[in-house]
Amino acid sequence: MKIDFNKNSDGLVPAIIQDAITKNVLMLGFMNEKAYKKTRDTKRVTFYSRTKKRLWTKGEESGNVLKLVDIKIDCDNDALLIQVNPVGPTCHKGTDTCWSESNIQTYGFLSKLEMIIKNRKANSNAEESYVASLFDKGINKIAQKVGEEAVEMVIEAKDSNSDLFLNESADLLFHYLILLQAKGYSLNDIVEILKSRHQ
């Protein structure tokens, strides 16, 4: 890896810190060549502090270190993406990120859909929707729908119509998300179990 520390007159390159698991951006710091080398050698992220005019390892006072997982360099060789496993909050203000956001795992559109389902469950008495009607009918009806959709997906898996198979797969996943909410769980609960099985 050839990092261009001479591109800026101060010898610093920006280092974007990203959680290796959640992929959330945690903070931005700056590294000179010595900070980079110390990070590689110790496996703890070390920056060059522009205010203190010295190297500082994240968490040297708080204990909230950033354990190094991987370092990537951008196409111009003058910016780093550093993937870490954070220990404790990253920001000195006590938040998970320097943007005051929670460092939680999300799954793009599936997380958005999960939130829609959660809101429809919470407001099932006040709104008319298919999801709300399922919650009104109770856990047995929701579980039955998951079973029906699973059978329909299996049937389509045995045929060669990809469109029907994918649509039935989507129906199964959708109803499974409803069932998880009905039982008081989320995708993250399932992911944690899968992670524990594959460590």
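The values are calculated or read from the model by the stated rules, or taken from the named source; none is laboratory data. None of these values were measured; they are calculated from a predicted model. So basically every Cβ, Gly included, is an ideal-geometry build from the backbone, and we count neighbours across all protein chains shown. Surface accessibility is based on the protein's heavy atoms, side chains included, excluding ligands, DNA and RNA. Shrake-Rupley method; radii C 1.70, N 1.55, O 1.52, S 1.80 Å.
The table that follows gives values for the structure above.
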quantity: Contact order normalised by residue count of segment 1-145, Cα under 8 Å, 6+ apart, percent; calculated: 19
quantity: Around Gln105: net Lys/Arg minus Asp/Glu count, Cβ-Cβ under 15 Å; calculated: -3
quantity: Where the chain is the region considered: accessible area per residue in Å², 1.4 Å probe; calculated: 62
quantity: Cα gyration tensor category, rounded, prolate or oblate, for segment 108-160 with a/c compared to 1.5; calculated: oblate
quantity: The chain - mean residue ellipticity at 222 nm from DSSP helices (-39,500 (n - 2.57) per run, n ≥ 4, rounded to 500); calculated: -13500 deg cm²/dmol
quantity: Over 28 Å between alpha carbons, listed pairs Lys23/Lys141; Lys2/Lys112; Lys158/Lys183; Lys52/Lys93; Lys23/Lys158; Lys112/Lys183; calculated: Lys23/Lys141; Lys2/Lys112; Lys158/Lys183; Lys23/Lys158
quantity: In degrees, nearest ten, helix 33-42 long axis to first principal axis of the chain (Cα); calculated: 60
quantity: Using θ = phi - 60° and Karplus 6.51 cos²θ - 1.76 cosθ + 1.60, couplings along segment 141-151 (whole Hz; Gly, Pro as x); calculated: 5, 5, 4, 4, 5, 4, x, 4, 5, 5, 5
quantity: Acute angle (nearest 10 degrees) that the helix 109-122 long axis makes with the longest principal axis of the chain, alpha-carbon atoms; calculated: 50
quantity: Built amide H within the under 5 Å cut-off of Val69, gap 5+; calculated: Gln83, Val84, Asn85
quantity: Computed Rg/Rh of segment 134-196, alpha carbon atoms with Kirkwood Rh; calculated: 1.05
